[in-house]
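J.: Just dropping this structure here.
Coordinate-derived values only; no laboratory data. Small disclaimer: the values here were computed from a predicted structure and weren't measured. Methodologically, a virtual Cβ is constructed for each residue, glycine included, from the backbone with ideal geometry; neighbour enumeration extends over all protein chains shown.
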Amino acid sequence: MKSFLVTMTLLFSMTALAEPVKYADSLMIESSAFDGPREIMISLPKSYVRNKDVRYPVIYTVRGQLDLLSVVAAIDMLAAEAPEFIVVGISGAGSEFIPDGEDGQSKYSQLLHNEVVPYIEGKFRTAPYSILIGHSAAGKFVTNDWLSRGNDFSSYYAISPELHDGAINARVTSIAQKTLSSKSPLLVSMGNEGRRMQSLFDELEKHEALSPRVNFIRFEDQTHMSGRVNTVMAGIRGSFANWRPSKKVESGKFGELRAHYLGLSERYGYEIEIPLETMKRESAFHCASDIEERWQVASDIVKYAVSRNADNADEFFDISDEMVGYGMADGSKRLTSFVCEQSPKHRRCDR
């Protein structure tokens, strides 16, 4: 009997380990451009369900069936440095990215601009900030889309775009005398990918008309495939430089922390909330201090967080309980009292 239980336990463990990791939901939309259904994949931020009033910037990933995972992985690695994103992967194949005419547009362009973007903006809480990302053939599509339109997205990242045929370079040369200064920023990356690609990349980099809207970056130690995560990370760090406040601001007066995020809201054009995890961490830090001035900062943090969302009271009670386990009983009592001042009818508070 014991052997049977051990065997069943092992089988259960193996089955559990075999469960695939889910990083996006798949759904089908009807596409007029392609006269049929088209798969798109959606990865929502972890806080999306909890923060019902928060809007999120969107990353649209061309050829999402291959490259969405790289984008999601890069965002996860930058969790402390950048905002949370809604990530959209749009399935596609190389031939679909080829422009139909001289304007650089294709059926895939119609799918992206006329169908997917309106669908996402209508169904999800999106902020007015978006990024278009593509790799290889999809990177060439992103570059063409930027040259043809260039303002539909807040930023564009072309990862190792296919340059072999010289078409992109020819398009740039044909518009070299025109101003491109009004377009959104474009990041073009290249790994260690052979003489032909390198020479065309060098040629593009020298075009004065592309400066300063286009940023070129090389990854000498990366291949055509491995540069995907590196480029997304570099792009997001550039697009959201100084997103996280300094430690001095984070742990200082609450007014300074609020001012930082109000400044971000003004810069990016949508309301950007102080992360709940930051408020929880800093409230515990201040409550554990022996300095009374810090206690007031903790009280200000709790008051603000609970006023934004009453359910946040539970989050602060959880932190208070953890503080006890770390030997900070006095700090825990302070934090509990601050939460109860804002939520006196909570089950954890004396009525």
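J.: It is to be established whether one or more residues within region 45-55 are in a helix (DSSP H, G or I), out of contact with any His (no Cβ under 6 Å at 6 or more places or on another chain) and surrounded by fewer than 21 Cβ atoms within 10 Å (Cβ to Cβ).
T.: Step one: list which residues in region 45-55 are in a helix (DSSP H, G or I), which gives none.
Looking for residues that are in a helix (DSSP H, G or I), out of contact with any His (no Cβ under 6 Å at 6 or more places or on another chain) and surrounded by fewer than 21 Cβ atoms within 10 Å (Cβ to Cβ), one finds none in region 45-55, hence no.
J.: Something else: Of these, SER226, SER251, which one is polar (S, T, N, Q) and within 20 Å of ILE272 (Cα to Cα)?
T.: Numbers: SER226 fails: within 20 Å of ILE272 (Cα to Cα).
Step by step, each of SER226, SER251 is checked, and only SER251 is polar (S, T, N, Q) and within 20 Å of ILE272 (Cα to Cα).
J.: Now for a different question. Would you mention how many residues in region 142-197 are of a type in the set (Val, Ile, Thr) and surrounded by fewer than 18 Cβ atoms within 10 Å (Cβ to Cβ)? Steps first, please.
T.: Just the residues of region 142-197 that are of a type in the set (Val, Ile, Thr), to begin with: 142-143, 159, 168, 172-173, 175, 179, 188.
Filter again for surrounded by fewer than 18 Cβ atoms within 10 Å (Cβ to Cβ), leaving 173, 175, 179.
So the answer is 3.
J.: Any chance region 239-262 includes a residue that's in a helix (DSSP H, G or I) and under 25 Å from ASN192 (Cα atoms)?
T.: Initial filter on region 239-262 (in a helix (DSSP H, G or I)): 239, 247-250, 254-262.
With the extra rule that they be under 25 Å from ASN192 (Cα atoms), the set shrinks to 239.
Scanning region 239-262 turns up at least one residue that is in a helix (DSSP H, G or I) and under 25 Å from ASN192 (Cα atoms).
J.: Sticking with this structure for a sec: Considering only strands (runs of 3 or more DSSP E) fully contained in region 56-171, which possess at least 2 residues that are more than 23 Å from PHE201 (Cα to Cα)? Working first, answer last.
T.: On the way: elements: 56-62, 86-90, 126-135, 155-159.
Once the strands (runs of 3 or more DSSP E) in region 56-171 are filtered for at least 2 residues that are more than 23 Å from PHE201 (Cα to Cα), what remains is 56-62, 86-90, 126-135.
J.: A further question follows. Condition check: touching a Lys or Arg at 6+ places or on another chain (Cβ under 6 Å) and either of a type in the set (A, V, I, L, M, F, W, C) or surrounded by 21 or more Cβ atoms within 10 Å (Cβ to Cβ) (or both). Does PHE317 satisfy that? Reasoning before the result, please.
T.: Working: touching a Lys or Arg at 6+ places or on another chain (Cβ under 6 Å): yes; either of a type in the set (A, V, I, L, M, F, W, C) or surrounded by 21 or more Cβ atoms within 10 Å (Cβ to Cβ) (or both): yes.
For PHE317, the condition - touching a Lys or Arg at 6+ places or on another chain (Cβ under 6 Å) and either of a type in the set (A, V, I, L, M, F, W, C) or surrounded by 21 or more Cβ atoms within 10 Å (Cβ to Cβ) (or both) - is met.
J.: Determine whether ALA93 is touching a residue at least 40 places away in the same chain (Cβ under 8 Å), within 23 Å of ARG228 (Cα to Cα) and surrounded by fewer than 16 Cβ atoms within 10 Å (Cβ to Cβ).
T.: Values: touching a residue at least 40 places away in the same chain (Cβ under 8 Å): no; within 23 Å of ARG228 (Cα to Cα): yes; surrounded by fewer than 16 Cβ atoms within 10 Å (Cβ to Cβ): yes.
For ALA93, the condition - touching a residue at least 40 places away in the same chain (Cβ under 8 Å), within 23 Å of ARG228 (Cα to Cα) and surrounded by fewer than 16 Cβ atoms within 10 Å (Cβ to Cβ) - is not met.
J.: Looking at LYS247, is it under 23 Å from the mean Cα position of the chain (by Cα) and loosely packed, with under 12 Cβ neighbours inside 10 Å? Let's see the steps before the verdict.
T.: Details: under 23 Å from the mean Cα position of the chain (by Cα): yes; loosely packed, with under 12 Cβ neighbours inside 10 Å: yes.
It is true that LYS247 is under 23 Å from the mean Cα position of the chain (by Cα) and loosely packed, with under 12 Cβ neighbours inside 10 Å.
J.: Among the residues of region 123-143, is any closer than 20 Å to GLY92 by Cα, in contact (Cβ under 8 Å) with a residue 24 or more places away in the chain and in contact with a His (Cβ under 6 Å, 6 or more places away or on another chain)?
T.: So far as region 123-143 goes, no, none of its residues is closer than 20 Å to GLY92 by Cα, in contact (Cβ under 8 Å) with a residue 24 or more places away in the chain and in contact with a His (Cβ under 6 Å, 6 or more places away or on another chain).
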